[in-house]
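What follows is a single structure, written as structure tokens, with notes after it.
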Amino acid sequence: MSLIINNIEKIVSLTPEEKELFLSKTEIQHYKSKSILLNSGEICKCSYFVNSGILRSFNINDNIVEHVLNFACEGWWMGDMYSLISQKPGNLFIEVIEDAEVVLLSKENQELLYTEIPKLERFFRILTENSLVANQERLMDNLSLSAEERFDKFNKRYGNLSHKIPQKQIASYIGVTPEFFSKMKAKLLRK
């Protein structure tokens, strides 16, 4: 559990008692690859923190095409932000790509912790702000950068994950077809 505490302490310091209280409000779960943690149409009731493994969030449009929004690897948080905050049904799926150990923090316990440990409200505000900035940057990248440039940014953001994630999911994340992605990668390798 030190990974999640270390993640929090990058932004706020916790006393030993606060760490113990925080951890008492979380739950650790182990999931196999291809497990679905959240289905589209469900209300997101918790935030997921990845101790190990890889998760992805995606939606499926009316033409049954998957659109990958994010990946989360060790030390990253994930959730359906719209649904978690509004407590309305969301439109995202969250799936395990690689066997994972995940810390779950329910919305209810998160709200309780805001009262018990007010500095956690600051932590989650900053986490949410960083997520908003990253999503806006990604949107602008999708509007203005070439596929090659978006792939380069993907590699900078996710590092060595490109060897662990199916190529069709990377293609979806950068907004191209798997066929185009395959040709683009071959062209990049020839350079």
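Computed from the coordinates by the stated procedures, all read-outs in this text should not be read as laboratory data. What you see is a predicted model; the values in this text were computed from it and never measured. So basically every Cβ, Gly included, is an ideal-geometry build from the backbone, and we count neighbours across all protein chains shown.
Tally the residues that are under 15 Å from the mean Cα position of the chain (by Cα) and either free of Cβ contacts under 8 Å to residues at least 40 places away in the same chain or loosely packed, with under 12 Cβ neighbours inside 10 Å (or both), restricting the search to the stretch 137-169. If you could, list the steps in order and put the result at the bottom.
Going through the stretch 137-169, the residues under 15 Å from the mean Cα position of the chain (by Cα) turn out to be 138, 154, 157-159, 161, 165, 169.
Add one more test, that the residue is either free of Cβ contacts under 8 Å to residues at least 40 places away in the same chain or loosely packed, with under 12 Cβ neighbours inside 10 Å (or both), and what stays is 138, 154, 157, 159.
The total comes to 4.
Tally the residues that are charged (D, E, K, R) and in contact with a helix residue (DSSP H, G or I) (Cβ under 7 Å, 6 or more places away or on another chain), restricting the search to the stretch 22-71.
Counting residues in the stretch 22-71 that are charged (D, E, K, R) and in contact with a helix residue (DSSP H, G or I) (Cβ under 7 Å, 6 or more places away or on another chain) gives 4.
Within the bounds of the stretch 32-45, is there any residue that is under 20 Å from Gln169 (Cα atoms), surrounded by 17 or more Cβ atoms within 10 Å (Cβ to Cβ) and touching a Cys at 6+ places or on another chain (Cβ under 7 Å)?
For the stretch 32-45, residues under 20 Å from Gln169 (Cα atoms), surrounded by 17 or more Cβ atoms within 10 Å (Cβ to Cβ) and touching a Cys at 6+ places or on another chain (Cβ under 7 Å): present.
What pairs can you find where one residue is in the stretch 97-116 and of a type in the set (Lys, Arg), the other is part of a helix (DSSP H, G or I), and their Cβ atoms are less than 9 Å apart, with a gap of 6+ or different chains?
These pairs meet every condition: Lys107/Leu84; Lys107/Ile85.
From Glu74, Glu116, grab the single residue that is acidic (Asp, Glu), surrounded by fewer than 21 Cβ atoms within 10 Å (Cβ to Cβ) and farther than 27 Å from Arg150 by Cβ.
Glu116
Among residues belonging to the stretch 1-30 that are farther than 26 Å from Ser86 by Cα and in contact with a strand residue (DSSP E or B) (Cβ under 6 Å, 6 or more places away or on another chain), point out the one that is surrounded by the most Cβ atoms within 10 Å (Cβ to Cβ).
This residue is Leu3.
Which number in (1) surrounded by fewer than 16 Cβ atoms within 10 Å (Cβ to Cβ); (2) within 18 Å of Leu23 (Cβ to Cβ); (3) not aromatic (Phe, Trp, Tyr) marks the one condition that Lys107 misses?
(1)
Give me the helices (runs of 4 or more DSSP H) completely within the stretch 137-191, filtered to those with at least 3 residues that are more than 22 Å from Val65 (Cα to Cα), ordered by residue number.
147-158, 178-190
Name the residue that is surrounded by the fewest Cβ atoms within 10 Å (Cβ to Cβ), counting only residues in the stretch 46-63 that are among the β-branched types (Val, Ile, Thr) and either closer than 20 Å to Leu127 by Cα or touching a Pro at 6+ places or on another chain (Cβ under 9 Å) (or both). Quick ask: steps written out before the conclusion?
Let us first name the residues in the stretch 46-63 that are among the β-branched types (Val, Ile, Thr), namely 50, 54, 60.
Still in the running and either closer than 20 Å to Leu127 by Cα or touching a Pro at 6+ places or on another chain (Cβ under 9 Å) (or both): 50, 54.
Values: Val50: 24, Ile54: 21.
Ranking the candidates gives Ile54 first.
Hey, can you tell me all the residues within the stretch 179-190 that are surrounded by fewer than 14 Cβ atoms within 10 Å (Cβ to Cβ) and not charged (D, E, K, R)?
Here is the first cut: in the stretch 179-190, the residues surrounded by fewer than 14 Cβ atoms within 10 Å (Cβ to Cβ) are 179-180, 183, 186-190.
Scanning the stretch 179-190 gives Phe180, Ala186, Leu188, Leu189.
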